[in-house]
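Trainee: The structure that follows is given in the form of structure tokens.
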Amino acid sequence: MCGIIGIVSTTPVADRLVDGLRRMEYRGYDSAGVCTVHEGELVRRRAEGKLANLVAALAADPAPGTVGIAHTRWATHGAPTARNAHPHATEHLALVHNGIIENYKELRAELNGEGRVLESETDTEVVAHLLSREVERGASPETAIQTVLPRLRGAFALAVAFRSRPDMLIGARLGSPLVLGHGDGEMFLGSDALALAPLTQRISYLEEGDWVVLTRDGADIRDAGGAPVEREIVTSGATAAAVEKGNYRHYMQKEIFEQPTVVAQTLGSYIRQADATVALPQLDVDLSTVKRITMVACGTSFYAAMIAKYWFETFARVPVDLDVASEFRYRDPVLERGGLSLFISQSGETADTLAALRHCKAAGQTIGVIVNVPTSTMAREADILLPTHAGPEIGVASTKAFTCQLAVLAALATHLAVRRGLMSRAEEQDVVAHLLEAPASLNAALKLDGAIEAIAPLVAPARDVLYLGRGPDYPLALEGALKLKEISYIHAEGYASGEMKHGPIALIDDRVPVIVLAPSGPLFEKTVSNMEEVRARGGKVILISDEEGVRQAGDGALATVCMPRVHPLIAPLVYAVPVQLLAYHVAVAKGTDVDQPRNLAKSVTVE
Ligand code: HGA
């Protein structure tokens with residue numbers, strides 16, 4: 001959320017700043033802005049809405065200058081207007097921010113008390129004024145930042161340009177990500193390595209509390225106490241080529257169709273082909289004695305964790321505690337020593353999940369992380385790094401990251417079962433054989449795209465939609481409802497099929513489509529009974545099952561989706577496809593902004 005970029009160079013920076021924003025637009029698209037330093041002036045351009053509006057503003061009124069900062073915003077404090085857009089500026093400086101200044105009200109009152117007038121409703125602007133006040137008192141930029149940072153509570157990544165200093169920028173981070181890019185005769189700041197990929201591959205990750213003075217020749221990095229520190233320069237693997245949509249209409253659609261490939265890639269790094277066993281990468285922690293697993297995640301990653309709970313408990317017989325990160329942190333959970341805590345996040349920067357990770361680390365837990373960005377903060381703070389290999393996910397609604405997380409979690413559950421002596425070599429090989437069937441089954445599910453597109457008009461006019469499932473299909477029902485809400489703005493709820501009669505059945509009428517996720521198997525007949533309860537009340541069922549299931553229970557359904565027959569272990573991965581495609585086609589039918597749905601953004605770096 002919120003993308004930041006800064007460049008100190010000898011050549012004009014505006015175009016490169018905007019290009020950096022383009023690569024981060026998925027992080028926020030409420031507004032965007034740029035500020036350069038040119039001939040002793042701050043040249044600021046801001047625009048409400050998508051980046052294209054800023055591009056148009058710059059075309060009409062360019063921002064010359066060889067030093068500058070830029071920002072794409074996901075609003076936390078203050079409406080998404082041009083006035084609240086970053087950079088926020090005073091007479092002396094301009095500043096961009098990712099994060100939340102939690103004590104901004106008292107700081108604002110203090111500044112107002114001195115007669116300072118703040119023009120925006122944001123929490124961010126107080127930082128610009130606090131710094132400005134120090135500059136007016138005669139402080140250097142370095143002294144000003146050192147005085148102001150300790151006064152800020154909350155989380156921030158900051159980049160600051162000073163009117164009187166066309167040769168430098170200052171960056172700082174606490175709780176929000178910020179990287180430093182090293183160029184030849186120029187230096188960069190960015191929210192992530194991907195934003196800087198066309199500019200440089202030489203990256204330093206700033207640590208918590210660090211602040212840095214960037215000049216064209218290098219960086220002077222200080223820790224929170226002001227002591228000079230070195231941060232290693234690493235080569236980023238981030239690709240400079242912009243991530244393209246190819247022949248697809250939307251990133252989300254492309255990412256749905258990439259799943260057979262990226263799931264195969266992910267599984268490939270967790271399975272030893274030679275003997276068809278699971279081999280976790282670089283695992284030097286013995287998991288055979290793990291007594292309890294605590295899993296923490298948010299959103300779609302949380303539903304992946306919920307599915308994995310079935311696997312960890314069924315295969316490895318390890319009890320699992322599961323929480324959404326924003327709740328976990330504040331409920332004082334009981335954490336036994338010797339426990340394994342697992343954190344799942346596409347970006348590896350999710351603020352709530354990261355805070356939960358640090359809490360568990362302090363409590364002596366072994367920290368495992370499943371992330372799609374192997375250089376992310378979570379990855380760097382993990383004892384066990386289990387990367388997904390989904391490639392950059394640009395669509396705000398997560399799809400391929402989810403199925404890759406499931407692939408990793410299935411491999412981990414298998415590994416645990418083997419290590420705990422609960423799975424024989426032959427059983428492990430059987431499980432691996434089924435996991436390796438996943439990419440082909442995903443391909444087969446994608447062939448149903450046309451059939452699902454034909455069903456979308458049945459769902460698009462609905463105001464409410466219910467998703468039902470049992471066992472691992474229950475979290476998938478939750479995920480289906482989330483996908484539909486996110487991109488089509490239709491109110492949807494996921495329920496465990498058996499739970500429906502305890503409340504949501506009151507919602508059923510002929511205007512509420514009920515999507516039933518039910519591969520044939522031991523739980524199928526129970527789910528069919530719940531389906532009948534819906535139909536008896538005039539409800540319209542869309543059944544997603546396999547040939548056997550559709551044959552047994554398809555009659556009388558409003559529509560059916562006939563899936564390939566798959567092993568129960570990989571069913572959640574394969575059944576994710578129709579759930580994603582249905583949300584996608586409903587959103588397209590409704591004409592919503594599929595890749596950048598309203599109010600959302602990716603990489604949730606604020607609490
Ligand atoms: N609080 C600031 C920045 C928001 C942010 O970082 N979002 O991810 C604002 O509302 O402008």
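Coordinate-derived values only; no laboratory data. If you're wondering where the values come from, they're calculated on a predicted model, not measured in any experiment. Reconstructed Cβ throughout: ideal geometry from the backbone, glycine too, with neighbour counts over all protein chains shown.
Trainee: So how do 372-383, 419-430, 553-564 stack up, highest first, on mean other-Cβ count within 10 Å?
Mentor: Details: 372-383: 20.8, 419-430: 14.1, 553-564: 18.1.
So the order, starting with the most tightly packed, is 372-383, 553-564, 419-430.
Trainee: May I pose another question? Pop the C-beta distance of Glu142 and Arg83 into the FRET formula with R0 = 41 Å and round what comes out to the nearest 0.05. Working shown, then result.
Mentor: Values: r = 30 Å, r/R0 = 0.73.
Efficiency computed from Cβ-Cβ geometry: 0.85.
Trainee: Too long at a 24 Å Cα-Cα cut-off: which of Lys291/Lys400; Lys361/Lys400; Lys485/Lys590? Present the calculation step by step, with values, prior to reporting the outcome.
Mentor: On the way: Lys291/Lys400 31 Å; Lys361/Lys400 29 Å; Lys485/Lys590 12 Å.
Table pairs above 24 Å Cα-Cα are Lys291/Lys400; Lys361/Lys400.
Trainee: So which DSSP H runs in the chain come out at 18 Å plus along the axis (Cα) with average Kyte-Doolittle of at least 1.0?
Mentor: Values: long enough: 299-316 (25 Å, 0.47); 400-419 (29 Å, 1.16); 425-446 (32 Å, 0.15); 473-488 (22 Å, 0.06); 571-590 (29 Å, 1.25).
Those that clear 18 Å and a mean of 1.0 are 400-419, 571-590.
Trainee: Using per-residue counts of other Cβ atoms within 10 Å, averaged over each peptide, order 472-480, 47-55 from highest down.
Mentor: Ranked by mean Cβ neighbours within 10 Å, highest first: 472-480, 47-55.
Trainee: Taking 0.36 nm per residue of separation and subtracting the Cα-Cα distance, what length does fully extending Ser269 through Val334 add? Intermediate results must be reported in sequence, preceding the final value.
Mentor: On the way: separation 65, 0.36 × 65 = 23.40 nm, distance 3.35 nm.
That pair, Ser269 and Val334, stretches by 20.1 nm at full extension.
Trainee: Determine the calculated [θ] at 222 nm for the chain from helices alone, applying -39500 (n - 2.57) to every DSSP H run no shorter than 4 residues and normalising by the residue count; nearest 500 deg cm²/dmol.
Mentor: Working: 19 runs with 219 residues, N = 607.
Calculated mean residue ellipticity at 222 nm is -11000 deg cm²/dmol.
Trainee: What does the extension gain come out to for Arg511 and Ala56, with contour length at 0.36 nm per residue minus their alpha carbon separation?
Mentor: Numbers: separation 455, 0.36 × 455 = 163.80 nm, distance 4.36 nm.
This chain segment gains 159.4 nm when fully extended.
Trainee: Just to verify a number: FRET efficiency for Asp184 and Tyr248, C-beta to C-beta distance, R0 = 25 Å, to 0.05?
Mentor: Numbers: r = 36 Å, r/R0 = 1.45.
Calculated value: 0.10.
Trainee: Between Val229 and Arg317, take the C-beta separation as r, use R0 = 51 Å, and let me know the FRET efficiency to the nearest 0.05. Please list the in-between numbers first.
Mentor: Values: r = 46 Å, r/R0 = 0.90.
Calculated value: 0.65.
Trainee: If you take every DSSP beta bridge whose two residues both sit in the chain, what share of them, in percent to the nearest 5, is antiparallel?
Mentor: Working: 63 of 102 bridges.
Given both bridge residues lie in the chain, the antiparallel proportion sits at roughly 60 percent.
Trainee: Mean separation of Cα pairs under 8 Å and 6+ residues apart, divided by the residue count of region 13-122: what relative contact order is that in percent? The partial results should precede the final answer.
Mentor: On the way: 196 pairs, mean separation 29.8, N = 110.
This gives 27 percent for region 13-122.
Trainee: Stretched out fully, how many nm does the piece from Glu453 to Thr11 gain, at 0.36 nm a residue minus the Cα gap?
Mentor: 154.2 nm
Trainee: Peptides 540-547, 597-604, 23-30: what's the order by average Cβ count within 10 Å, highest mean first?
Mentor: Numbers: 540-547: 22.8, 597-604: 19.8, 23-30: 25.0.
Packing proxy ranking, top to bottom: 23-30, 540-547, 597-604.
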